[in-house]
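Everything below concerns the one structure shown next.
The values are calculated or read from the model by the stated rules, or taken from the named source; none is laboratory data. Here the structure is a predicted model, which means the values were calculated and not measured. For neighbour counting, all protein chains shown are included, and Cβ atoms are generated from backbone atoms with ideal geometry for every residue, glycine included. Side chains included, ligands, DNA and RNA excluded: accessible areas come from the protein's heavy atoms. Shrake-Rupley method; radii C 1.70, N 1.55, O 1.52, S 1.80 Å.
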Amino acid sequence: DPFAAWHGAAAPNSTSAAEPKTVAYRGAVLFDGTGAPSRSGLTIITRGERIVAVQPDSAPLPDAAETVDVSGLYVLPGLIDTHVHVATPPDAEAARVQMRRWVYSGVTAVRGMADDLRSVGELARQARVGEVPSPDLYYAALMAGEGFFKDPRTQAVSAGAVAGRTPWMQAITADTDLPLAVAMARGTSATGIKIYADLPADLVARITTEAHRQGVPVWTHAMIYPATPQEVIDAGPDVMSHACILAHQAQAPADRPVSYASRTPIDRAPFLNGDNPVVQGLLEQMRDKGIVLDATVRVYAEQDRAAAAPGARQPICSGAMVFALTRQAYRAGVAISAGTDGETPDREPWPALIEEMELLQNAVGMTPADVLVAATHTAARATHQTGDMGTIEAGKLANLVFVAADPLMDVANLRSLRFTVKRGKAFARADFQPPAD
């Protein structure tokens with residue numbers, strides 16, 4: 001096995017003082033992440049942590065290039081999960097278990113959507129310099145109204161400080177110095193600002209405007225309670241999370257919850273029998289403004305299972321309802337990213353992102369190619385990292401996934417993964433074992 005022989009040698013490592021290794025991956029069928037058809041007969045050449053060329057197999061290789069024969073395999077860009085939580089509450093050991101499984105499953109980057117950034121910052125450093133097997137971690141600093149900070153999760157991620165009064169989790173009022181608040185969020189090394197809940201439309205718009213002025217992307221819930229989905233779209237965020245809560249726009253104004261804590265189940269009927277006209281208007285605006293939808297379908301399917309227990313609280317949306325809303329977004333041409341907002345148990349061999357992608361294919365009806373784009377190129381857009389990842393091309397990070405069966409036939413074929421390359425370093429799937437319990 002040429003790969004096994006190479007993998008047993010010193011793998012490329014951008015943190016090493018040694019000269020970066022040049023590696024040529026020759027013979028795989030390539031899906032580049034743009035949505036274009038797969039191509040054969042190409043060699044991917046990496047040097048250290050970067051791709052330096054994608055060239056015909058017949059072209060000469062650089063001097064001293066080490067060749068890895070990947071004939072019979074399929075290669076695609078590293079996967080990106082656009083909605084994870086690694087430190088709510090902070091538990092670095094548990095987080096590293098997830099991080100390890102991610103990278104050995106083809107996930108080379110994740111977008112953290114509000115956590116204790118004191119912990120996440122250190123985990124991100126360990127991931128970035130290769131101290132632990134992990135995807136790269138990109139993450140949000142959170143802003144919300146004062147009422148949200150009664151939520152016990154905010155207490156857990158602010159232990160030792162006052163929830164709502166930290167740079168990574170700020171309570172915003174009409175009197176807040178927004179330029180300072182955004183600058184404080186930037187000082188946490190956050191990639192973006194997440195606007196969560198309990199804010200009126202004018203403050204959502206003001207935060208978004210100031211964040212964009214300072215060059216920071218804005219990631220929101222699809223409703224901010226009381227700010228409606230329409231008001232969120234009007235503010236112009238970069239990404240909106242949770243297809244489910246777009247449905248609030250179709251409710252009578254008196255029926256819409258005004259606080260995140262007061263949400264009640266939404267009537268499913270208006271969304272299950274064809275496209276909802278009110279939601280259609282929202283989706284067309286999202287498409288035209290280039291707002292990415294971080295749909296998070298799997299978490300609602302999981303909630304359905306939990307709600308089946310006697311006496312269990314009913315979720316605000318059913319899985320079928322979220323599948324229908326996401327299907328409508330897909331048909332409307334909205335860019336959809338693959339985000340999970342939940343994980344499979346640590347003992348499971350595969351992370352939730354694979355299930356999310358399978359649901360986007362099988363329950364929502366996206367083509368396998370479009371699902372792969374959702375987890376690569378569109379996910380890189382959502383994470384604000386298109387300069388480095390999301391497609392296979394010269395100049396991008398050497399984040400590659402090699403699988404034995406064609407994922408364009410069925411995204412479940414991602415489970416045939418043979419090895420992941422993250423920033424030029426190889427992680428053989430055969431080396432991965434989930435925890436025993």
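Residue ranking by accessible heavy-atom surface, 1.4 Å probe, largest first, among His384, His221, His85 comes out as His384, His85, His221. Compared with the alpha-carbon gap, the fully stretched path from Arg313 to Met409 is longer by 30.7 nm at 0.36 nm per residue. Directionally averaged projected area (the chain, Cα convex hull): 21.3 nm².
log₁₀ I(q)/I(0) of region 115-193 at q = 0.19, 0.28 Å⁻¹, via Debye over equal Cα point scatterers, no solvent, to two decimals? Values returned for q = 0.19, 0.28 Å⁻¹ are -0.79, -1.31. Measuring only protein heavy atoms, the 1.4 Å probe finds Arg381 accessible over about 90 Å². Please work out, to two decimal places, the log10 of the ratio I(q)/I(0) at q = 0.11, 0.13, 0.26 Å⁻¹ from a Debye calculation in which every Cα of region 30-109 carries one identical scatterer. Those come out to -0.45, -0.59, -1.35, one per q.
Counting Lys and Arg as +1 and Asp and Glu as -1 over every other residue whose Cβ lies under 10 Å from the Cβ of Asp275, the net charge comes to +2.
If you wrap the tightest convex hull around every Cα atom of region 110-246 and split its volume per residue, you get 107 Å³.
Accessible surface computed residue by residue for the chain, with neighbouring protein chains in place and a 1.4 Å probe, gives 38 Å² per residue. Sequentially through region 256-264, phi angles give Karplus couplings (6.51, -1.76, 1.60; θ = phi - 60°) of 6, x, 9, 9, 4, 6, 9, 5, 10 Hz, Gly and Pro residues having no value and appearing as x. Overall, the accessible surface of region 54-136 at a probe of 1.4 angstrom is composed of carbon and sulfur to the extent of 51 percent.
Beta bridges assigned by DSSP with both partners in the chain are antiparallel in approximately 45 percent of cases. Structural descriptor for region 291-331: relative contact order 41 percent, calculated from alpha carbon pairs under 8 angstrom and at least 6 residues apart. Only Cα pairs under 8 Å and 6+ residues apart enter the sum, and on that basis the relative contact order of the chain stands at 19 percent.
Here region 80-173 carries DSSP beta bridges of which approximately 15% are antiparallel, counting only pairs with both residues inside.
Here is the size of region 187-228 from its Cα atoms: Rg then Dmax, 10.3, 29 Å. For region 140-251, the relative contact order comes to 24 percent (Cα pairs under 8 Å, sequence separation of at least 6).
Peptides 237-249, 52-64, 32-44, 135-147 ranked from most to least packed, by the mean per-residue count of other Cβ atoms within 10 Å: 237-249, 135-147, 32-44, 52-64. Centroid-to-centroid, using Cα positions, region 242-279 and region 328-342 are 17 Å apart. Neighbours of Ala301 by Cβ distance under 12 Å: Lys/Arg scored +1, Asp/Glu scored -1, total -4.
In terms of overall dimensions, region 363-419 has a Cα radius of gyration and Dmax of 12.1, 36 angstrom.
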